[in-house]
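All of the numbers you see were taken from the coordinates with simple rules; none came from a lab. If you're wondering where the values come from, they're calculated on a predicted model, not measured in any experiment. Cβ placement follows ideal geometry from the backbone for every residue including glycine, while neighbour counts extend to all protein chains displayed.
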Amino acid sequence: MANQALTASEYIKHHLQNLTYGKVPDGYENAGSWGFAHSAQEAKEMGFMAVHVDTMFFSIILGAIFLFIFHKAAKHATKGVPGGLQNFVEWVVDFIDSSVRGSFTGKNPLVAPMALTLFMWILLMNLMDIVPVDWLPQLAGVVGSTVFGVDPHHVFFRVVPTTDPNVTFGMSLAIFAMTLFYGVKIKGIGGFMAELTMQPFEAKSLPMKILLLPINFFLEFVGLISKPISLSLRLFGNLYAGEMIFILIALLFGSGFMLAIFAGVLQWAWAVFHILIVMLQAFIFMTLTVVYMEMAHHSH
């Protein structure tokens, strides 16, 4: 239930603020030392070197859970009738394998494992959005106040890593770097640069080729840069919007008995629908990654 000590606006802002650790800026208590931000403004002024501790915590934990589950299933795999865990893991692997085979025609043993890792890791991070918005933040507030003596209103705790653009942009930039690497490796520097400068407009004469070169480069460069941006913003935008709706629904629980009942029904309905979004966004991110790798391995 929404914390009654906060207004609706403060409640929303509190739930959308990350637990940020960094160098305390000038004008704040303990300036110059390292510590946790007590407000959104302080977190903003900490600058580039600040760390979103909650995002790092959940993304690493969920990644470790994925590795543990699949390692356990592989270690205890049998040729006979598979158990529930092995059956689930085999289904996921077959699903990813068929998806990769349908989109990637090159030869690279890294693509399928990367697709599996992206799909499962993003899916687990997205599924954190199904956890009621107040449970873990309130637990963090209790721990912060009882153990560390911190005002619960200053304990920020976001549990969905993919609602943090640092995560989505980090993954998309890593994929972008890999596509550039394989694009140069497979096609060579000359072939890679030719794709950026010799299309979409082509010419037979050398003067026209030189004239069209900057135009082609501009168009292709914009298309190239748009890939990681759209890949990251699509995932971030969908999960951020879903989290915002859950927060707005949670506000209704403190607005009277009838609205609380309506909020419960609405929350259940949105959670069911949001599961589809959670799975779909993980699949889209994985599929586009495979498509970009396909484009990097073949000429235009």
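Each of V222, V278, V53 was scored by other Cβ atoms within 10 Å of its Cβ. Listed from fewest to most, they are V222, V53, V278. For the chain, taking the reciprocal of the average inverse distance between every pair of different Cα atoms yields a Kirkwood hydrodynamic radius of 22.3 Å. Measuring r between the beta carbons of S299 and K75 and using R0 = 51 Å, the FRET efficiency lands at 0.75.
The length gained by stretching the chain between F257 and I215 to full extension, at 0.36 nm per residue less their Cα-Cα distance, is 8.8 nm.
Among G84, G102, G35, whose mean-square fluctuation peaks in a Gaussian network model of the chain (Cα, cutoff 10 Å)? Residue with maximal mean-square fluctuation among G84, G102, G35: G84. When the chain is treated as a GNM with alpha-carbon contacts under 10 Å, the residue of S39, S172, S59 showing the greatest mean-square fluctuation is S39. The range 125-189 and the range 3-67 have their alpha-carbon centroids 11 Å apart. Within a straight-line Cα-Cα reach of under 23 Å, K44 can be paired with the following lysines, leaving aside sequence neighbours fewer than 8 residues apart in one chain: K13, K23.
Between Y182, Y28, Y240, find the one with the highest GNM mean-square fluctuation for the chain; connect C-alpha pairs within less than 10 Å. The residue that fluctuates most here is Y28. This ranking places K44, K187 by how few other beta-carbon atoms lie within 10 Å of each, fewest first, which gives K44, K187.
Estimated at 0.36 nm per residue, the fully extended path between R101 and A177 surpasses their Cα-Cα distance by 25.1 nm.
Here r is the Cβ-Cβ distance between A194 and L136 and R0 is 45 Å; the resulting FRET efficiency, rounded to 0.05, is 0.30. Legend: calculated FRET efficiency, E29 to M208, from the Cβ-Cβ distance at R0 = 45 Å, rounded to 0.05, equals 0.10. Listed by chain and number, the aspartates and glutamates placed with their C-alpha closer than 18 angstrom to that of K72 are E90, D94; residues fewer than eight positions away on the same chain are left out. Electrostatic bookkeeping for F36 treats Lys and Arg as +1 and Asp and Glu as -1; over the other residues with beta carbon under 13 Å from its beta carbon, the sum is -3.
Rounded to the nearest 20, the size of the Cβ-charge dipole of the range 104-237 about its Cα centre is 660 debye, with Lys and Arg at +1 and Asp and Glu at -1.
Extension gain for K185 to V93 (0.36 nm times residue separation, less C-alpha to C-alpha distance): 30.3 nm. Checking the cross-link pairs K187/K209; K204/K227; K79/K107; K185/K227 against a 23 Å limit on the alpha carbon distance flags K204/K227; K79/K107 as lying beyond it.
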